[in-house]
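Structure first, commentary second.
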Amino acid sequence: MHQEEGRQIKTTPIILAIFFGSFVSVLNVSTINIVIPVLQQEFASELSVVQWTLTGFMLAMGTFAPVTGYFGERFSYKRLFLTALIGMTVASILCAISWNAPVLIAFRILQGAFCGVVIPTAMAIIYQIIPREKQPVAISLWAAATSLAPAIGPTFAGWMLQHFTWQWLFWVNVPFGLIAITMVLVFIPYYRLNVPKKLDLIGLITVIISSSTILVALSQGNSWGWGSAKTLLLLGGGLVFLVLFIWRELTAQSPLLQLRVLKNARFTLTSAILCITTISFYSGTLLTPVFLQNVQKVTPLDTGLVLLPASLMMAVITMFTGKLYAKIGPRVLLIVGTVL
């Protein structure tokens, strides 16, 4: 392990750097929801096409998150975090200068790939550097960043669209990204615990093919027809590659994603709950702006204000979760949170 010896590491600046980096990353998810109806008109495109500015972004996030462990151990999580923030900022510039829907979707997918690395890298830095007794507070502040961005994002995006063009939603990421990059450079120390054996390239290829084909089939199935050859072929091929991915990860010496952790029943249960709540959250934040702006003819700013209370409440409650976790444990929090 390489680190700066003899210098006491201050955790508060590290937590702030992680907070800001995570905030900028999640902000890129939440601001695009409001602009989707605007992009439909701007590019004269169908919703099924324009929604890929969000769907493609999320797909890239999920696909590239598993490579975090390999590259983090190989190059250090600080360097990986820094690279992801730089890539995310550059991708924002490319999105701002996009001239049609397919180009914007391509750059959003690139942006999503970098954003997908930010969140797991931030978690790894917390567990690697922050002392154990301060980790619950650090995680709750990190969670607050990922909750505060969706709270602020829609309203901020609505205000921007009312006064500026949609491109400014991406230009505004640049100064935020530069601040986050500077904070990571200055405050987060360099650690590298070990060097992994090799990248599981087969695992990476199979997870990309499986996730992308299944998602395309689910996204386009309604317009193509659920019984059409294209839909069935993509679904079938995606499931085959998904099985290959699972088999590869269970047999590889250095798997891309360690699936054996799912043997832990508590981890599997909480992952399932997280998956369900995330689907609920993101589906609502996608469909609500489209309904309000296209059907109800509500302005982008008012649409953002409609989305504000729930997201803001989530951000506020998250700030107290770390202390509540230490006092009452996870069971009560999971039950109450899931019921609500």
Assess whether Thr182 counts as being modelled with pLDDT of 80 or more and among the hydroxyl-bearing types (Ser, Thr, Tyr). yes
Tally the residues that are free of Cβ contacts under 8 Å to residues at least 40 places away in the same chain and open to solvent by less than 50 Å² (accessible area, probe 1.4 Å), restricting the search to region 108-128. 1
How many residues does region 63-78 hold that are under 15 Å from the mean Cα position of the chain (by Cα) and open to solvent by less than 50 Å² (accessible area, probe 1.4 Å)? 5
Condition set part of a helix (DSSP H, G or I) and free of Cβ contacts under 8 Å to residues at least 12 places away in the same chain, scope region 318-336, selection surrounded by the most Cβ atoms within 10 Å (Cβ to Cβ): answer is Leu324
What's the number of the condition Pro255 fails, among (1) over 24 Å from Phe57 (Cβ atoms); (2) in a helix (DSSP H, G or I); (3) open to solvent by less than 50 Å² (accessible area, probe 1.4 Å)? (2)
Going through region 67-101 one residue at a time, which ones are at pLDDT below 85 and not in a helix (DSSP H, G or I)? Ser76
I need every pair where a residue in region 206-219 that is in contact (Cβ under 8 Å) with a residue 12 or more places away in the chain has its Cβ under 7 Å from the Cβ of a residue that is charged (D, E, K, R) and crowded, with 18+ Cβ neighbours inside 10 Å, sequence separation at least 6 or different chains. Thr206/Arg248
Scan region 161-178 for residues that are part of a helix (DSSP H, G or I) and either at pLDDT 85 or above or in contact with a helix residue (DSSP H, G or I) (Cβ under 6 Å, 6 or more places away or on another chain) (or both) and report the count. 12
Please count how many residues of region 79-101 are open to solvent by 40 Å² or more (accessible area, probe 1.4 Å) and either within 23 Å of Thr182 (Cα to Cα) or of a type in the set (Gly, Ala, Ser) (or both). 6
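Got a sec? Which of Leu286, Leu292, Leu308 is buried (at least 17 other Cβ atoms within 10 Å of the Cβ), assigned to a helix (DSSP H, G or I) and without any contact (Cβ under 8 Å) to a residue 24 or more places away in the chain?
Exactly one of Leu286, Leu292, Leu308 is buried (at least 17 other Cβ atoms within 10 Å of the Cβ), assigned to a helix (DSSP H, G or I) and without any contact (Cβ under 8 Å) to a residue 24 or more places away in the chain, namely Leu292.
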From the options Leu104, Leu54, residue that is modelled with pLDDT of 90 or more and open to solvent by less than 20 Å² (accessible area, probe 1.4 Å): Leu104
Within region 32-51, work out how many residues are open to solvent by less than 10 Å² (accessible area, probe 1.4 Å) and either within 14 Å of Leu104 (Cβ to Cβ) or modelled with pLDDT of 80 or more (or both). 6
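The values are calculated or read from the model by the stated rules, or taken from the named source; none is laboratory data. Since the structure is predicted, the reported quantities are computational estimates derived from the model, not experimental observations. All Cβ positions, glycine included, derive from the backbone under ideal geometry; neighbour counts span all protein chains shown. Just so you know, the surface numbers come from the protein's heavy atoms only, side chains and all, with ligands and any DNA or RNA stripped out. Shrake-Rupley method; radii C 1.70, N 1.55, O 1.52, S 1.80 Å.
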